[in-house]
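Data block below; observations after.
The values are calculated or read from the model by the stated rules, or taken from the named source; none is laboratory data. These figures come from a predicted structure and were not determined experimentally. The area values use the complete protein model at the heavy-atom level, side chains included, leaving out ligands, DNA and RNA. Shrake-Rupley method; radii C 1.70, N 1.55, O 1.52, S 1.80 Å.
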Amino acid sequence: VRVMTYNILNYPGGNSSARHPEFRKILRYINPDVVVVQEMISAVGVSDFLNNVLNFGQPGTYNSAPFRDGPDTDNALFYKAALFSFMDTTVLHTPLRDINGFQIRPAGVNSDSVDLHIYSVHFKAAQGFEQDRFAEADTLRNHLNALADGLFLMVGGDMNLYASSEPAYQ
């Protein structure tokens, strides 16, 4: 399974259609089975990215998870419809941005034993916000620690870590 994470910078703000050809080029080259994005602005943006980037010229290839509007910019998940089914979502609230967990199941599987649990993060950027990033990472870590053993977990996103000495990295 090829999973890609991508900060798509305030999508669909501004003239997003001008960015579509470059997004298409990148995504067709990488050919991910699952795409997790950060800085999605709206449900309209999810639909636009799905139809005008991922499914452009190949309708129905990708589906999207339901969009959850939180504070600031948000996360979104897209997956190849022939390979996965969307099962559930989890929202972890932080003072800055939500962390979203997405549960998808491989096609043809009836049990949750091989579900993928993918978390998308977009931690606070810039020097001087190390404690904010730590708080976001701590929220995620505490949630993950409480989950059952044996789950297939993945965390992706824009972590904005500047050094391995940062508390969030530790």
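List of remarks:
- The length gained by stretching the chain between residue 2 and residue 26 to full extension, at 0.36 nm per residue less their Cα-Cα distance, is 7.2 nm.
- Cα pair distances in the range 129-170, grouped into 5 Å bins until the bin that holds the longest one, percent each: 5, 20, 28, 23, 14, 8, 1
- Just checking the listed ones, 129, 49, 84: in the Gaussian network model of the chain with Cα springs under 10 Å, the one fluctuating most is 129.
- Counted residue by residue at 0.36 nm each, then reduced by the alpha carbon distance between them, the extension gain from residue 15 to residue 87 reaches 22.6 nm.
- In summary, the convex hull built on the alpha carbon positions of the chain has an orientation-averaged projected area of 10.3 nm².
- Heavy atoms of the protein chains alone define the surface here; on that basis the range 33-170 has 48 Å² accessible area per residue at 1.4 Å probe size.
- Fraction in percent of alpha-carbon pairs per bin - 10 Å, the range 37-109: 20, 47, 28, 5
- GNM flexibility winner over the chain from 22, 136, 39 (Cα, springs under 10 Å): 22
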